[in-house]
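Reviewing the structure listed below.
The values are calculated or read from the model by the stated rules, or taken from the named source; none is laboratory data. Note that the structure is predicted; figures quoted are calculated from it, not measured. Note that we place each Cβ from the backbone using ideal geometry, even for glycine, and neighbour counts take in every protein chain shown. All accessible areas refer to the heavy atoms of the entire protein, side chains included, with ligands and DNA or RNA removed. Shrake-Rupley method; radii C 1.70, N 1.55, O 1.52, S 1.80 Å.
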Amino acid sequence: MHERSLVQRLLQQVQQIVAEDGGGQVTEIRVQVGDLSGVEPLLFQAAFEEMVSDLFSSECQLALDIVPVMAVCHACGQQFEIVDFQFQCPACPTGAVQVIQGDEVKLISINVSSDNPVEGVAS
Ligand SMILES: [Zn+2]
C-alpha cells in the first residue's frame, strides 16, 4: 500500500530528527499533503495509527494539512489553483503551466515534550 510506505518513511525521518535533537517524547507530527499527491488521508491516518507505536508512543498524534494544488503559468506568470485537474491558465488557455504546490507529502513540524524540561526557558 502506497500510504504505508510513506508513513514508514515519515516516521523514520521524524525519529532521526528527534534523535539528533536530543530525544524526547513526540506528541504531534504535522504533515502537509497535497491534493495531487495521490495520498488518501483516511488511509494515511489509519497506517499512521497502526505503525506509530513501533517507533513512538501511541499518544503521538498525526495532524494532516491538506493543501490545494497550485500552478503557475509560464506565459503570463499568474498563479492559480488547479480545480478538477484542469491544468490550464485562466488567462491564456494555451500557456504551459507548472505545478508549484500540491503534489507532495511534506513534514511540517514535530512537537516533542521533554521528560526533563529545562527550567527558566519559555517554550
Ligand atoms: Zn497565463
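Brief remarks on what is shown
- Qualifying GluC sites (Glu not before Pro) in region 31-109, DSSP loop, other Cβ atoms within 10 Å at most 12: GLU59
- Point-charge dipole on Cβ atoms (K/R +1, D/E -1) for the chain, about Cα centre, debye to 20: 380 debye
- Sum of side-chain charges, VAL33 neighbourhood, beta-carbon under 13 Å (Lys, Arg +1; Asp, Glu -1): -4
- Local charge for ILE100 was computed over the other residues whose Cβ lies under 14 Å away, with Lys and Arg +1 and Asp and Glu -1, and equals -3.
- Per residue accessible area in Å² of the chain, where ligands, DNA and RNA are left out and the probe is 1.4 Å: 63 Å²
- Protein-only accessible surface order, largest first, of ASP103, ASP65 at 1.4 Å: ASP103, ASP65
- Equivalent ellipsoid of the chain: semi-axes from √(5λ) of the C-alpha gyration tensor, largest first, are 36, 17, 10 Å.
- Accessible carbon and sulfur surface of the chain relative to its total accessible area, %, 1.4 Å: 46 percent
- Amide H contacts under 5 Å for GLU28, placed H, 5+ residues apart: GLN61, ASN111
- Accessible area per residue (1.4 Å probe, heavy atoms of protein chains only) ranks SER113, SER58 as SER58, SER113, with the largest value leading.
- Value at 222 nm in deg cm²/dmol, rounded to 500, when DSSP H runs of n ≥ 4 in the chain each add -39,500 (n - 2.57): -9500 deg cm²/dmol
- For region 1-74, with +1 on Lys and Arg beta carbons and -1 on Asp and Glu, the positive-most of VAL69, VAL18, SER5 along the dipole: VAL69
- Sparsely packed chymotrypsin sites (Phe, Trp or Tyr not before Pro) within region 63-102, loop by DSSP, other Cβ within 10 Å at most 14: PHE85, PHE87
- Solvent accessible area, Å² - ARG4, 1.4 Å probe, full protein context: 90 Å²
- Electrostatic tally near LEU42: other residues with Cβ closer than 14 Å to its Cβ, Lys and Arg +1, Asp and Glu -1, net -3.
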